[in-house]
Each structure stands twice: as C-alpha cells, then as structure tokens.
Amino acid sequence: KNPRGDFVPRTVLIGGKAAPGYYMAKMIIKLITSVADVVNSDADVCGRLKVIFLENYRVSLAEKVIPAADLSQQISTAGTEASGTGNMKFMINGALTVGTLDGANVEMLQEVGKDNIFIFGMTVEEVEALKQGGYDPVKYYEGNADLKQVLDQIRDGHFSPDAPDRFHNLINSLLVHGDRFCLLADYAAYIAMQDRISEEYRSKEGWARKCVLNIAAGGFFSSDRTIKQYASEIWKAVPVPVKRDKKKDDAKEAKEPSAP
C-alpha cells in the first residue's frame, strides 16, 4: 500500500522440499516462487523486500544460511510439535526467533527469557478451546481487511496471471475446509509481532545484546546435557566409573609419535 514508507529492508529466505505425491506441499512451494516472481520484479519495493526460495533445502545450504540469518521463523501452530531442532541451530548462531509456543520454542523461551525471543499466537489450550467452540476461519477473513486482501489476491490470480485458479485449493483449505491449523486465527498476532521486530531491529545495540544472550542460552541444548538428562530421567541409567591405569596410559602416550 505504501512501498515508499519507512520500512526495515528484509530478504526472506524460505527453504523446503516436497515428496512427489504431496500435492499441497508442492502448491505451497509454487505459491512461494510465484510471490517471489512478483515481489522481486517490482521496482517500487527494490531494496526493501526480496523473496528467495531455496530449492532442495539440505545441510549444505543450512551451513550457509543459518550463520547468516538475523531472524528465524518457527511458526507452527501451538500443539502440533512441528518445531524441531533447526530453531536451536539458528539460536546458537545468533539469530533471534519469532515463533509460537510449540515444540522446542517452549524450552528456548524458558532458557533465554521472554524479552529475548519473539513469541506470538495462541497457546495449546487456546487452540483446543477455539476448536471446541467451533472455529470459523471465515470470521477472521471477513474481520481483517489486510488478511482478506492477501487471500483474495492469491485466489484471484494476482500471483498467477497465467492460471488465475491455480491456488484455489490452497485458499479453499483455509476458508472452506476449516483451516486445520488455525492459521487465520494467529495472523493478526503474527503481523503485530513482525512490526515489533522491525522496530527492535533498528537498535543495533539492543539487537546485538539479544543475539549474545541467545548464543549463551543455547548451551543448554548441547548433546552432552541432553544425553545425561535422558540417561537419568528416562533410561534410569547410572554412570559407571572407568578405572584408569595411569602407568599404562602414560607409557602408551610416550610411545605415540608427537604431532608435527
């Protein structure tokens, strides 16, 4: 609406892949690349917004992207347990997290504190209550002009002029078939949090401080601590001390050639 406004420039990187028979996943990827085509060719937003889809996202790409990221988006609906270990990798590399109260995000919040992570959206209990009360995604669609415009543009072919009905099934999954993951219910909170993130990013010192605190707090997620806790609380395994024969170890070390 106002591409010349005072925005914090962003490059949005989205990585993923879809199994051959996973139709909806393929359509989501197609939508991402279609949005990228429109955004990246729009002179009005040049230098302000860029969208890139990382094809066949894999470890070799993650090794480049994760250390470079400022913000990690872990936005699966609370209770779906879809937020795994990727968020921790971003965390220990200094990226701040915007996320829901799902999966490992909950533990990250506990370790780094609410002031150093951007948590938004419903809790598990709120999601369950919403569904039990008869969740109506159309109410959120009709009640939020910006959200309605976004979905209408996708549905009406703004991002697919060669095939205006290409993304009808995606929109139907939200408005006709019940929006299984309650995405529309969390939309307004997500946008409000992104506005807050943009403002906080303007403070280089404040943002850097949060990054350092995230890196420090990430130590909790080390494999050593995890295995020790599993052994103690789940496997009920007791550590077995290993007796060391110091004379034999010293003699062995003396025989080994020293490093050049």
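Of note:
- Residue check, Gln153 in contact (Cβ under 8 Å) with a residue 24 or more places away in the chain, assigned to a helix (DSSP H, G or I) and closer than 27 Å to Thr33 by Cβ: no
- Residue in the stretch 132-149 that is under 19 Å from Phe221 (Cα atoms) and of a type in the set (Asp, Glu) present: no
- Hits in the stretch 75-89 (condition: touching a helix residue (DSSP H, G or I) at 6+ places or on another chain (Cβ under 6 Å) and open to solvent by 30 Å² or more (accessible area, probe 1.4 Å)): Gly79, Met88, Lys89
- Restricting attention to the stretch 149-206, the residues that are of a type in the set (Gly, Ala, Ser) and within 22 Å of the chain's Cα centre (by Cα) add up to 7.
Here is a yes/no grid of residues against (1) open to solvent by less than 50 Å² (accessible area, probe 1.4 Å); (2) free of Cβ contacts under 8 Å to residues at least 12 places away in the same chain; (3) under 29 Å from Asn40 (Cα atoms):
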site: His158; (1), (2), (3): no, no, yes
site: Phe167; (1), (2), (3): yes, no, yes
site: Leu184; (1), (2), (3): yes, no, yes
site: Ala189; (1), (2), (3): yes, no, yes
site: Gly206; (1), (2), (3): yes, yes, no
site: Ala216; (1), (2), (3): no, yes, no
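- Failed criterion for Gly94 (all others in (1) modelled with pLDDT of 95 or more; (2) under 22 Å from Val150 (Cβ atoms); (3) open to solvent by less than 50 Å² (accessible area, probe 1.4 Å) hold): (2)
- Some residue of the stretch 57-69 being exposed (fewer than 14 other Cβ atoms within 10 Å of the Cβ), at pLDDT below 95, within 30 Å of Gly157 (Cβ to Cβ) and not acidic (Asp, Glu): no
The values are calculated or read from the model by the stated rules, or taken from the named source; none is laboratory data. Here the structure is a predicted model, which means the values were calculated and not measured. Here the Cβ is made from the backbone with ideal geometry for all residues, glycine too, and neighbour counts use every protein chain on show. Ligands, DNA and RNA are stripped out before the accessible areas are found, and what is left, the full protein with its side chains, is counted by its heavy atoms. Shrake-Rupley method; radii C 1.70, N 1.55, O 1.52, S 1.80 Å.
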